[in-house]
Amino acid sequence: MIKAVRGTRDLLPPETALWNFVESAARDVFRAYNFQEIRTPIFEETALFARGVGEETDIVSKEMYTWEDRGRAASDKGQSLTLRPEATAGIVRAYIEHKLADRGLNKLYCIGPMFRRERPQKGRYRQFYQIDAEIIGPASAGSESPARDAELLEMLATLLDRLGMTDWKLQLNSVGCPNDRTQFNQALRQALEPVKDKMCADCQRRALTNPLRVFDCKVPEDQPIIETLPRINQFLDEACRTHFEAVQAILKKVGVPFSLNDRLVRGLAYYTRTAFEFTHGALGAQNAILGGGRYDGLSEALGGPPAPGIGFAIGEDRLVMSLEEKTSAESVSRKPDAYIAPMAGMNGDAARLARALRRHDLVIELGDDSFRLKKSFEAATRAGAKYILIVGEDEVKADAFALKNLRTGEQISVPRGDLARRIQG
Ligand code: AMP
């Protein structure tokens, strides 16, 4: 038997109702903040991620699904393509390609699958889903303003509250600008030099390639060493410090609680200034439900115009998982309002009635005229229908139908024209 590939999974009903619940809440909330949807391709040129995410990140160096595409002629050299491991690079590519800068400030969101070859575990998959939103535009449109950072964070708090997730925590940091980072990296390398040999293999590698990533280390024995390392906030220049303070002031004013975490540096190379993460109590080790930050130099790194931006990616798999603690999929899925049971030879009349009722936004399950009445009742009960509606020759002649409430057992005859209202009520 062929099974789903390791690290991928089927999302099945009724759980998919929770996914729809999350996505439609996200769409509603985003609309209130004047965000619009963008859909970018699932695969892109490999170079986009190498440049946009960063060669030395774990994502690019070891987690991407990359292949060489065949050229048109057998002799053509193929193009290197990659399944998108995250959404921001593709969105910024589209921003540049379609000259979205001409529209001023762009507020864009995107929902879809991402691919990373990580070791699968609970809450970590090789195909997973992200709900991603970005604010990007020329600085003249205000895209650099701390007001945008705060707006994005407040929007996230609103979305999580709307979903009924009370137990979230927002952690905030500033990773400064490239200038701050150069100095910080230097200081970090220096501080790591005498101690790195006592650290885990990953940290020894990070100390050489990307010292910032040492802060992601979860190995308990390394923690006392990491505690002694310098922190990025000691290296922020005046402009970055003021920016960060302004973000915090607005959050306080609008009442979004947060805590500062000076170890939060995040994995992607292009982050500048504000970096953040929301965690949720229910999730255990993989407790980050979303992360994001500013990326003021990304557009230029991809060959575009200066376009400061800030964005986030919600891990939808994890969001749904923490939601399941409280909200059952059943409670957000819609069961049939009525099951129509056609008597022998009555499939056509039953279909006609179903068509009319479905146009009243009712959920109708349609049976089959080969079923005996007993089997129809069983099917209606299994489907969770509220009513069963019997369509026989007598009913069609009288233009009134037997409608039975499957919860109370009450049965009445209802004229065709009153059926929709009766079932809705
Ligand atoms: P990142 O793009 O790495 O900043 O991740 C943003 C969010 O996506 C994380 O907070 C996770 O919730 C989610 N995420 C990242 N990688 C995975 C994965 N392999 N499986 C499931 N969720 C993931």
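Provide the FRET efficiency to the nearest 0.05 for the K218-S259 pair, computing r from the beta carbons and using R0 = 25 Å. Each step should come with its number before you reach the end.
Numbers: r = 19 Å, r/R0 = 0.76.
Calculated transfer efficiency: 0.85.
What FRET efficiency comes out for R31 versus V332 if R0 is 25 angstrom and r is the Cβ-Cβ distance? Round to the nearest 0.05.
Working: r = 20 Å, r/R0 = 0.78.
Efficiency at R0 = 25 Å is approximately 0.80.
In nm, to one decimal, how far is the modelled label at K397 from the one at Q190, with both set 7 Å along Cα→Cβ?
10.0
Which of V195, A147, A157 sits farthest toward the positive end of the charge dipole of the stretch 143-204, with +1 on the Cβ of Lys and Arg and -1 on the Cβ of Asp and Glu?
So the residue we want is V195.
Convert each backbone phi in the stretch 98-112 into a coupling constant with the Karplus relation 6.51 cos²θ - 1.76 cosθ + 1.60 (shift: θ = phi - 60°), then list the ³J(HN,Hα) values in order as whole Hz, x for Gly and Pro.
Per-residue couplings from phi come out as 9, 6, 5, 4, 4, 8, x, 6, 10, 10, 10, 9, 8, 10, x Hz.
Enter the Cα centre distance for the pair the stretch 174-234 and the stretch 28-73, rounded to the nearest angstrom.
The distance from the Cα centre of the stretch 174-234 to that of the stretch 28-73 comes to 28 Å.
Using a Förster distance of 60 angstrom, determine the FRET efficiency expected from the C-beta separation of A147 and S370, and round it to 0.05. Let's see the in-between values first.
Numbers: r = 65 Å, r/R0 = 1.08.
It comes to 0.40.
Using amide H atoms built in the peptide plane, which far-off residues or other-chain residues are under 5 Å from Y129 H to H?
Those lying under 5 Å, H to H, from Y129 are M114, E316, D317.
Can you pull out the trypsin sites (Lys or Arg not before Pro) in the stretch 335-376 whose DSSP state is coil and whose Cβ has at most 16 other Cβ atoms within 10 Å? Mind dumping the intermediate values first?
Numbers: sites: R352, R355, R358, R359, R372, K374, K375; in loops: R359, R372.
In loop regions of the stretch 335-376 (DSSP not H, G, I, E or B), the sparsely surrounded trypsin sites (Lys or Arg not before Pro) are R359, R372.
Which links in K77/K99; K196/K218; K335/K404; K374/K404; K169/K253 stretch past 19 Å when you go from one Cα to the other? Please report the intermediate quantities before stating the final value.
Values: K77/K99 30 Å; K196/K218 15 Å; K335/K404 16 Å; K374/K404 14 Å; K169/K253 17 Å.
From K77/K99; K196/K218; K335/K404; K374/K404; K169/K253, over 19 Å: K77/K99.
Using only Cα atoms, locate the centre of the stretch 356-425 and the centre of the stretch 305-322, then give the distance between them in Å, rounded to an integer.
Going from one Cα centre to the other spans 45 Å.
Contact order normalised by length for the chain, with contacts defined as Cα pairs under 8 Å and 6 or more residues apart; what percent is it?
On the way: 740 pairs, mean separation 66.3, N = 425.
Contact order relative to length: 16 percent.
For the stretch 133-218, what class follows from the C-alpha gyration tensor (a ≥ b ≥ c being the square roots of its eigenvalues): rounded when a/c is under 1.5, otherwise prolate if a/b is larger than b/c, else oblate? Numbers along the way, then the final one.
Working: a/c = 3.77, a/b = 1.65, b/c = 2.28.
In terms of gyration-tensor shape, oblate.
Could you tell me which residue out of P308, S259, S370 lies farthest along the dipole of the stretch 241-393 toward its positive end? Charges go on the beta carbon: Lys and Arg +1, Asp and Glu -1, centred on the Cα centre.
S259
Mind checking the dipole of the stretch 301-373: about its Cα centre, +1 per Lys or Arg Cβ, -1 per Asp or Glu Cβ, Debye to the nearest 20? Please report the intermediate quantities before stating the final value.
Numbers: 9 positive and 11 negative charges, 51 e Å.
Its charge dipole is roughly 240 debye.
Mind putting a number on the dipole of the chain about its Cα centre? Charges go on the C-beta only, +1 for Lys and Arg and -1 for Asp and Glu, and I need it in Debye to the nearest 20. Please report the intermediate quantities before stating the final value.
Details: 60 positive and 59 negative charges, 147 e Å.
That gives the chain a dipole magnitude of about 700 debye.
Just how large is the dipole of the stretch 269-425 about the Cα centre, in debye to the nearest 20, putting +1 at every Lys and Arg Cβ and -1 at every Asp and Glu Cβ? Walk me through the numbers on the way to the answer.
On the way: 21 positive and 21 negative charges, 80 e Å.
Roughly 380 debye for the stretch 269-425.
I need the shape label for the stretch 1-149. Rule: rounded when a/c is under 1.5, else prolate if a/b > b/c, else oblate, with a, b, c from the alpha carbon gyration tensor.
Working: a/c = 1.99, a/b = 1.17, b/c = 1.71.
Note, shape of the stretch 1-149 comes out oblate.
At Q424 and A344, where each label point lies 7 Å from the Cα along Cα→Cβ, what is the point-to-point distance in nanometres?
Output for this residue pair reads 3.7 nm.
May I ask which residue of A400, F21, A288 lies farthest towards the positive end of the charge dipole of the chain, with charges of +1 (Lys, Arg) and -1 (Asp, Glu) on Cβ and the Cα centre as origin?
Selected residue: A400.
Just grab the label-to-label distance for R407 and T228, each label 7 Å out from Cα along the Cβ direction, in nm (one decimal).
Modelled inter-label distance: 6.6 nm.
Since every read-out is calculated from the coordinates, none of them should be taken as a lab result. All values derive from a computational prediction rather than experimental measurement. Because the Cβ atoms are built from the backbone with ideal geometry, glycine has one as well, and the counts that use them run over all protein chains shown.
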